[in-house]
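Participant: Once you've had a glance at the structure underneath, I'll fire off some questions.
The values are calculated or read from the model by the stated rules, or taken from the named source; none is laboratory data. On a predicted model such as this, the values are computed, not experimentally measured, just so you know. Note: accessible area is taken over every heavy atom of the protein model, side chains too, but ligands, DNA and RNA are not part of it. Shrake-Rupley method; radii C 1.70, N 1.55, O 1.52, S 1.80 Å.
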Amino acid sequence: QGKYEEVERYYQRALEIYEAKLGPDDPNVAKTKNNLASCYLKQGKYKEAEILYKQVLTRAHEREFGTIDENLPQVKTQVVKK
């Protein structure tokens, strides 16, 4: 119905509450960031959406595998067929 600005405000408020009360690693924070990013996409706010998607993915990666050091050279891996 084109009420994306209103939806955006609700998601932003929910995100503030979840982060303050539940912490940055709570699943509700990730879901709300993802929903807000989708709302941004629908409005053509691509940069804002990209930032949130990267935050969600980076946080998930860090919880699972640890922090990525941007200063270290990246290691390329190959799949070896037997």
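Participant: Quick check on the stretch 1-17: of everything there that is open to solvent by less than 60 Å² (accessible area, probe 1.4 Å) and in a helix (DSSP H, G or I), which residue is nearest to residue 62 (Cα to Cα)?
Facilitator: 15
Participant: Yes or no: residue 20 modelled with pLDDT of 95 or more, among the small types (Gly, Ala, Ser) and open to solvent by 70 Å² or more (accessible area, probe 1.4 Å)?
Facilitator: It is true that residue 20 is modelled with pLDDT of 95 or more, among the small types (Gly, Ala, Ser) and open to solvent by 70 Å² or more (accessible area, probe 1.4 Å).
Participant: Next up: Residues 49, 60, 30: which one is in a helix (DSSP H, G or I) and modelled with pLDDT under 90? Reasoning before the result, please.
Facilitator: Values: 49 fails: modelled with pLDDT under 90; 30 fails: modelled with pLDDT under 90.
When all the criteria are applied, what remains is 60.
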